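Just so you know, all these numbers are worked out from the coordinates, no wet-lab data involved. The structure displayed is predicted, hence computed values, not measured ones. Here the Cβ positions follow ideal geometry from the backbone for every residue, glycine too, while neighbour counts run over all protein chains shown.
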Amino acid sequence: MNRFLLFLEKYLAAAYVLLIGLTIKFNIRTPVPSGNVIFTFWHRNMVPLMLKHKFSGIAILVSASRDGELIAGPASVLGYKTARGSSGRKGMAALKKMVTFAKENSLGVTPDGPKGPPQIAKDGVAYLSYLAKIPMVPVAVDIKPEKVFKTWDKFRMPHFFCKISISYGEPIFVKTKEEIQTKLAEFQEALEKLEEENKI
């Protein structure tokens with residue numbers, strides 16, 4: 001995709017998402033955490049959470065691939081900071097950038113991205129929590145009605161005039177390297193339970 005098309009997509013996609021956002025009814029079931037945290041959620045829930053936290057200055061981790069550019073562009077228009085990378089490409093540089101962002105901003109991470117397996121957390125988010133010294137916060141989302149795409153993650157797009165339910169879990173701190181796998185399992189269990197409780 002050439003630069004002009006990317007520029008066009010960046011603003012058109014952001015405008016479309018903002019337009020949908022004007023019609024959405026949010027039901028926030030638990031308090032939004034205060035202080036800097038890592039909002040940790042499944043890749044399929046990116047759009048509803050981008051709407052909820054737009055213009056908040058949150059820093060998000062986005063794949064360095066061309067597909068990632070389709071997310072990074074609109075996200076920047078919506079007020080997000082971005083670090084580009086993944087476990088397979090520019091991962092360490094992106095991780096360091098996220099740690100830097102964490103000194104002043106909350107972070108947003110999809111631990112099953114960029115290519116899955118879906119809804120299985122990889123240990124990168126727990127390692128980031130340890131390095132940045134801020135907790136992971138599980139975030140559950142449900143949408144009615146919605147469009148579900150035939151992608152690896154069953155990516156969700158809210159319909160106009162839909163209802164979106166969001167729940168934030170308890171913070172999970174990773175204080176030592178030895179805790180990474182244990183805390184990752186704790187996060188996985190917490191988010192699965194939260195998603196059941198959050199269903200519309």
Q: Over all alpha-carbon pairs in the chain, figure out the percentage whose distance exceeds 30 Å.
A: 15
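Using the Cα centre as the reference, give the magnitude of the dipole from point charges on the C-beta atoms of the chain (Lys, Arg: +1; Asp, Glu: -1; all else neutral), rounded to the nearest 20 debye.
Working: 29 positive and 18 negative charges, 136 e Å.
Around 660 debye, computed over the chain.
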Q. Where does the chain land at 222 nm, in deg cm²/dmol rounded to the nearest 500, when only DSSP H runs of n ≥ 4 count, each adding -39500 (n - 2.57), divided by all residues?
A. -12000 deg cm²/dmol
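Among M50, M98, rank each residue by its count of other Cβ atoms within 10 Å, from fewest to most, as a rough exposure measure. Display every interim value, and only then the final one.
Details: M50 22, M98 26.
Result, fewest neighbours first: M50, M98.
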Q. Under a plain spin-label model, where a point goes 7 Å from the Cα along Cα-to-Cβ, how far apart in nm are F55 and L6?
A. 2.7
(Q) Need the full-extension length gain, K144 to T23, defined as separation in residues times 0.36 nm minus the C-alpha distance. One decimal, nm. (A) 42.3 nm
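For M92, M136, what ranking results if the residue with the fewest other Cβ atoms within 10 Å of its Cβ goes first? Please report the intermediate quantities before stating the final value.
Details: M92 9, M136 29.
Lowest to highest Cβ neighbour count: M92, M136.
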Q. Loop-only check: which chymotrypsin sites (Phe, Trp or Tyr not before Pro) in the stretch 29-133 are DSSP coil with at most 16 other Cβ within 10 angstrom?
A. F55
Q.
I need the GluC sites (Glu not before Pro) found in the stretch 142-193, filtered to DSSP loop residues with at most 14 other beta carbons within 10 Å of theirs.
A. none
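In whole Å and largest first, what semi-axes does the C-alpha gyration tensor of the stretch 1-116 yield when each eigenvalue is scaled by 5 and square-rooted? Can you show the working numbers first?
On the way: eigenvalues 88, 81, 31 Å².
Gyration-tensor ellipsoid for the stretch 1-116: 21, 20, 12 Å.
Normalised by the residues of the chain, what does the relative contact order come to in percent, with Cα pairs under 8 Å and at least six apart?
Details: 395 pairs, mean separation 53.9, N = 200.
Over the chain, the number comes to 27 percent.
For a quick check: sort H53, H159, H43 by the number of other beta carbons within 10 angstrom, fewest at the front.
H159, H53, H43
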